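See structure below.
The values are calculated or read from the model by the stated rules, or taken from the named source; none is laboratory data. Computed from a predicted model, the values in this text were never measured in an experiment. Glycine also receives a Cβ, built like all others from the backbone with ideal geometry; neighbour counts cover every protein chain displayed.
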Amino acid sequence: MANLTDDDVKHIARLSALHLEPSAIPAVKKDLVDILNYVEQLNKVPTEGVEPLSHVHGAVNAFRDDVLQDSLSIEEAGKNSADFTRQGFRVPRII
Amino acid sequence: MSALIKLSTSEMRAGLLRGDFSAVDLTRAHLERISETNKQFNSLITVSEQYAISRAKLADAELAGKKESSPALTGIPIAIKDAIVTSGIETTAASKILKGFHSPYSATVIKKLESSGAIIVGKANLDEFAMGSTNENSAFGSVRNPWNPDFVPGGSSGGSAVAVSLGQSPISLGSDTGGSIRLPASFTGIVGIKPTYGRVSRYGLIAYASSLDQIGTFGRSVMDAAITLGAIAGYDEAHDSTSVNEPVPDYAAILRAAKDKPLSGIRVGVPKEYFVAGLDQSVEDTVHFSMKKLVSLGAQLKEISLPHTEFALATYYIVALAEAASNLSRYDGVRYGHRSKVNTTLQDMYGHTREEGFGEEVKRRIMLGTYVLSAGYYDAYYLKAQKVRRLISDDFRNAFEKDCDLIVAPVSPFPPFRLGEKIDSPLQMYLADIFTVTANLAGIPGISVPIKMSDSGLPIGVQLLGRAFDEARLLIAAQALEQEVNFDSTAMTKKYGKA
């Protein structure tokens, strides 16, 4: 049975970079616990020696030749930003 | 409304080549249909009227000059799921976090459609970031089912399906990560194809779960969905490292050449694990009816076992949500999209931007995905799910190797239901995908074909699944079934018109 504390929920929200109002915690906790309880059934499946699957057709290492190609202009790259200068995307202070 | 909107793309092309009407006439007819139905059904978030008319004028010049050698979709209107970026038209992913976003590039499929002459009439509504099964999770309002506006159209590509069902465009693009094309196709009485993983480039598809996502097509016939698939499929060496270098057959030509009794010698697998308690009677009846039709077309039915079926939904929800959490971390208010006015620190700005910009379901999935990838839980959840995914994929491989060439299955355990009925229980909503997630986990192609009506007067489709890159055989079988069943996918194009 999955069990999450309020601190667990706050920790998940922090890792997800999602601001969470304290009043939202109970509803979020309930939904997460319901879903985690459902997915726990995978513990019933024996998987000793089974290789994890990431690409369904087993493709690996798709390379292209290291040849310079056109890329976005600075203007195109910045046109959707709320605060863009030629020095970069301006953001609030980090510390 | 114009009589042109119920035509197939082949009939439209024939009419254009004969000069019965121009591409501008055809586009205007569809724009008129959009203006008379979009408010009620909310299928399109953006209507690209000026773009469409200017492209239609170019199409007329192309048709006049090249005639029969003009590209196959010249002058044919198409709607595009708003999770696919278009450089001239806003892309929102049905989210507040991307409102006003103008992509600096167009998706590979958009470039291919433009080369094929198709005319984008609008960006179709969807569940936000493709997360949902009913198109009730859009920041731009729910989409309604044309067969009964109080009912859901299915999702997440609800808008794309409704656009075609209503006649706003004859064809559309959707995407399918866990059933998001096949489910709305079934719920709106049209055809929807999810191709083999790697068949169609994902470059320019706003990523939900990168190992599961595929762009696919909707049409009011197997032929129309197939023609559109042919136009967008192909290796994308430059931009999609998960795309596979397999030649694209001429699906339309293969379908035209399909012989009488096209299914003789074909073994169709019936997975016993899909016929369990809880399957709605009308859905079960639909599948049995389809199976009888397949037999009359020459197919042999064979009961097969896909033993890990019961674990597919749990596997999907771990894999998809983990990948989604990673993919959606790019929406941080810095380079594009909504940015919160909270600017105390960068972390605060991130947290508030995402809290304000994402809807509830998206936030729920991000948190769950983050949890299953976090330190201490990665092995127990994500790695475990990837191993079970291998077993699920092997079930299909074994079935196709030993027992069958195609598989028949329900699309959804229940027929279309009312708006608001399941929205308060995320887990209940997730159960709608129980028969569709398996094809995404195994990377195989699937198609939904409309079959009959439920007791409440809404369409129910059936699903056919095939081997990887064997879309041709899948399409032949689907077309044969469609012709045998004769469901009228144009019915909703004749309704809701102004006089």
Go through the residues of the stretch B:431-450 one by one and say whether even a single one is part of a loop (DSSP other than H, G, I, E, B) and farther than 30 Å from residue B:248 by Cβ. yes
Residue A:35 meets each of (1) at pLDDT 90 or above; (2) touching a Ser or Thr at 6+ places or on another chain (Cβ under 8 Å); (3) over 29 Å from residue B:345 (Cβ atoms) with one exception, condition (2)
Options B:439, B:478, B:432: the member that is within 19 Å of residue B:282 (Cα to Cα) and surrounded by 21 or more Cβ atoms within 10 Å (Cβ to Cβ): B:432
For residue B:340: the one exception among (1) out of contact with any His (no Cβ under 9 Å at 6 or more places or on another chain); (2) of a type outside the set (A, V, I, L, M, F, W, C); (3) surrounded by fewer than 21 Cβ atoms within 10 Å (Cβ to Cβ): (1)
Selected residue [modelled with pLDDT under 95 and under 19 Å from residue B:324 (Cα atoms)] from A:9, A:56, A:60: A:56
I want to confirm something. Restricting to the stretch B:343-395 and keeping residues that are at the interface with another protein chain (Cβ under 8 Å from one of its Cβ atoms) and not in a helix (DSSP H, G or I), which single residue is nearest to the chain's Cα centre (by Cα)? B:358
Which residues, taken from the stretch B:323-342, are part of a loop (DSSP other than H, G, I, E, B) and in contact with a helix residue (DSSP H, G or I) (Cβ under 6 Å, 6 or more places away or on another chain)? B:331, B:332, B:333, B:337, B:338, B:339, B:340, B:342
Filter result for residue B:173 (farther than 23 Å from residue B:452 by Cα, outside any loop (DSSP other than H, G, I, E, B) and either acidic (Asp, Glu) or under 10 Å from the mean Cα position of the chain (by Cα) (or both)): yes
Where residue B:330 falls short, out of the listed (1) at pLDDT below 95; (2) loosely packed, with under 14 Cβ neighbours inside 10 Å; (3) not hydrophobic (A, V, I, L, M, F, W, C): (1)
Does residue B:87 qualify as being within 14 Å of chain A (Cβ to nearest Cβ), in contact with a Gly (Cβ under 9 Å, 6 or more places away or on another chain) and either on the phi > 0 side of the Ramachandran plot or surrounded by fewer than 24 Cβ atoms within 10 Å (Cβ to Cβ) (or both)? no
Is at least one residue of the stretch A:26-44 farther than 22 Å from residue B:103 by Cα, more than 26 Å from the chain's Cα centre (by Cα) and in a loop (DSSP other than H, G, I, E, B)? no
Residue ID - farthest from the other protein chains (Cβ to nearest Cβ), chosen from residues in the stretch A:57-95 that are of a type in the set (A, V, I, L, M), under 22 Å from residue B:105 (Cβ atoms) and part of a loop (DSSP other than H, G, I, E, B): A:68
Pick from the stretch B:1-54, criterion among the aromatic types (Phe, Trp, Tyr) and assigned to a helix (DSSP H, G or I), ranking: farthest from the chain's Cα centre (by Cα): B:51
I need a count of the residues in the stretch B:298-318 that are farther than 17 Å from residue B:465 by Cα and surrounded by fewer than 22 Cβ atoms within 10 Å (Cβ to Cβ). 3
Out of (1) more than 9 Å from every other protein chain (Cβ to nearest Cβ); (2) within 30 Å of residue A:18 (Cβ to Cβ), the one residue B:305 does not meet is (2)
Residue check for residue A:37: more than 7 Å from every other protein chain (Cβ to nearest Cβ) and either over 30 Å from residue B:86 (Cα atoms) or of a type in the set (Lys, Arg) (or both): yes
Residue B:44: at pLDDT 95 or above, under 28 Å from residue B:202 (Cα atoms), buried (at least 18 other Cβ atoms within 10 Å of the Cβ) and of a type outside the set (Asp, Glu), yes or no? yes
Scanning the stretch B:468-499 for residues that are of a type in the set (Gly, Ala, Ser) and in contact with a helix residue (DSSP H, G or I) (Cβ under 7 Å, 6 or more places away or on another chain) gives B:472, B:478, B:497
From the list B:193, B:181, B:171, B:215, which residue is within 21 Å of residue B:325 (Cα to Cα) and crowded, with 24+ Cβ neighbours inside 10 Å? B:215
Touching a Phe, Trp or Tyr at 6+ places or on another chain (Cβ under 8 Å) and surrounded by 22 or more Cβ atoms within 10 Å (Cβ to Cβ), is that true of residue B:321? no
From the list B:497, B:461, which residue is part of a loop (DSSP other than H, G, I, E, B) and either among the basic types (Lys, Arg) or away from chain A (no Cβ under 14 Å) (or both)? B:497
Here are some residues: B:138, B:172, B:186, B:142. Which one is touching a Gly at 6+ places or on another chain (Cβ under 7 Å) and modelled with pLDDT of 95 or more? B:186
Here's a check for you: in the stretch B:177-214, which residue that is among the charged types (D, E, K, R) and within 14 Å of another protein chain (Cβ to nearest Cβ) is farthest from residue B:35 (Cα to Cα)? B:199
Any residue at all in the stretch B:232-243 that's at pLDDT 95 or above, under 29 Å from residue B:485 (Cα atoms) and surrounded by 15 or more Cβ atoms within 10 Å (Cβ to Cβ)? yes
Condition set acidic (Asp, Glu) and away from chain A (no Cβ under 14 Å), scope the stretch B:244-272, selection surrounded by the fewest Cβ atoms within 10 Å (Cβ to Cβ): answer is B:260
Residue tally, condition more than 10 Å from chain A (Cβ to nearest Cβ), assigned to a helix (DSSP H, G or I) and either under 30 Å from residue B:150 (Cα atoms) or among the small types (Gly, Ala, Ser) (or both), over the stretch B:396-427: 1
Take the conditions at the interface with chain B (Cβ under 8 Å from one of its Cβ atoms) and assigned to a helix (DSSP H, G or I) and apply them to residue A:18. Does it pass? no
Which of the residues belonging to the stretch B:308-342 are of a type outside the set (A, V, I, L, M) and more than 9 Å from every other protein chain (Cβ to nearest Cβ)? B:309, B:316, B:323, B:326, B:327, B:330, B:331, B:341
